[in-house]
Amino acid sequence: MKRILPFIIILVVLAAALTSAWYLTRTIPASQNPAANQPAPASPGSPQASPEQSQSPVVTGIPGADPPHVLGPANAPVRLEEFGDFECPPCGMFHPILEQMRAEFGDKLQLTFREFPLVPTHQHALPAASAAEAAGLQGKFWEMHDLIYEHQNDWKKEFDVRPIFEGYAKQIGLDVERFKRDVGSDAVALRIMQDGKRGHSLGVKGTPTVFLNGREVSFENLPAEKLRVVIQNELRGAGQ
Amino acid sequence: MKKLYALAALLSLAGIADALYLTIEHVTGQTVRCTILSGCSEVLSSQYAVVAGIPLAAVGAAAYFTVFSLATLALFGYDIAGKILTPLVVAMFFVSVWLFYLQAFVIRQFCQYCLFSAAITTCLLVIVVSLRWFKPAAH
């Protein structure tokens, strides 16, 4: 018996590990990770958004920076609010998805961007947020926002990102000297802090976190094909 | 000797749990969202997290399971298992050192689960070195 006991123990541990893995893989929903084994949609071309979207509560939270950075009409039936971190890779991946949604839904979709730099996880998140906000003081937040996201892989590994962001400022036609002053200004810091406080009041813990008409969109619904369905459902609910 | 093998088996159980968790997180994509507390999203979404299409965490889970099996067999008197255990743990330690280097200097983010795994491998190395060091003389 003593000779076969270790083999029994090994088999028990193997069975327990495989059972745990099987159970957890089934209970944790797959997300937008390109490496993830996502379940196939019910039928080709008709992806299903996770059903909990319509059940998640509407939250309001405390106000963020005022005025917020908004694209799209104020009376749009669908209002999407993103809490983002410019250095966060999934936020960088989400950027073109939002561009795609804007192109598809036009005036029916309003976008709001809120700063949520994850400090200290991302060493350049705060300078990036400051650069975008400083550009916003000259009326070019979205231009800087787009440049920073689109070139995320160019600057995130650099030691000093300030000259890179100053280069972007020049590229989009900002007054660079004013931009340099504004990056470290109280006004910029206050805006980032206010957005962060709003995020915390809404329970934001990571990025990107997206709210659609005040309801949080689960992370698994952020890929384009699922987000499109969530927005369409919201439009149907608004009678559009 | 037996206590050390038992300790190695227990540590490798913790390693299996850690690596299995990371594998599931990787496969389901849960750690891809960035959070304040963890750099796991950067680490697990990096090119180094997958080897030949297989998540590195899954390879780690298999390695820890092999360590567990060998330590358990050695505990019950299978000497050959103890002999195989040493080079395996040494190899795992060097892989851990390489992964630590990648986190520190290439990805520049640390994932606490990866660090926990590295700590377990280091403890396993100390155990197998102790087993070689204090090996009783053959009669």
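Please indicate, with yes or no, whether at least one residue in the stretch B:71-85 is within 19 Å of B:ALA17 (Cβ to Cβ) and more than 9 Å from chain A (Cβ to nearest Cβ). Yes. Checking the structure you have, find out if any residue of the stretch A:218-229 is in a loop (DSSP other than H, G, I, E, B) and over 21 Å from A:CYS91 (Cβ atoms). Within the stretch A:218-229, not a single residue is in a loop (DSSP other than H, G, I, E, B) and over 21 Å from A:CYS91 (Cβ atoms).
When A:ILE164, A:ILE192, A:ILE231 are checked against the criterion of being buried (at least 18 other Cβ atoms within 10 Å of the Cβ), without any contact (Cβ under 8 Å) to a residue 24 or more places away in the chain and aliphatic (A, V, I, L, M), A:ILE164 stands alone in meeting it.
Among the residues making up the stretch A:54-108, none is part of a helix (DSSP H, G or I) and under 14 Å from A:GLY196 (Cβ atoms). Residue count for the stretch A:161-212 satisfying the condition of being outside any helix (DSSP H, G or I) and within 14 Å of chain B (Cβ to nearest Cβ): 9. A count restricted to the stretch A:108-132 and to residues that are free of Cβ contacts under 8 Å to residues at least 60 places away in the same chain, in contact with a strand residue (DSSP E or B) (Cβ under 8 Å, 6 or more places away or on another chain) and not aliphatic (A, V, I, L, M) stands at 5.
Residues satisfying the criterion are absent from the stretch A:129-152 (criterion: assigned to a helix (DSSP H, G or I) and at positive phi). Residues in the stretch A:194-211 that are in contact with a Lys or Arg (Cβ under 9 Å, 6 or more places away or on another chain) and closer than 18 Å to A:PRO90 by Cα: A:GLY199, A:VAL204, A:LYS205, A:GLY206, A:THR207, A:PRO208, A:THR209, A:PHE211.
Spot the failing condition for B:ALA57; the list is (1) free of Cβ contacts under 8 Å to residues at least 60 places away in the same chain; (2) among the aliphatic types (A, V, I, L, M); (3) over 30 Å from A:GLU158 (Cβ atoms); (4) surrounded by 16 or more Cβ atoms within 10 Å (Cβ to Cβ), and only one is missed. Result: B:ALA57 fails condition (3) only.
One line per residue, one yes/no per condition, for (1) assigned to a helix (DSSP H, G or I); (2) crowded, with 21+ Cβ neighbours inside 10 Å:
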{"site": "B:GLY77", "(1), (2)": "no, no"}
{"site": "B:ILE80", "(1), (2)": "yes, no"}
{"site": "B:MET92", "(1), (2)": "yes, yes"}
{"site": "B:ALA104", "(1), (2)": "yes, no"}
{"site": "B:LEU115", "(1), (2)": "yes, no"}
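None of the figures in this text is laboratory data; all of them are computed from the coordinates on show. Predicted model, so just to flag it, every value in this text is computed and none were measured. Note that each Cβ is placed from the backbone with ideal geometry, even for glycine, and that neighbours are counted across all protein chains shown.
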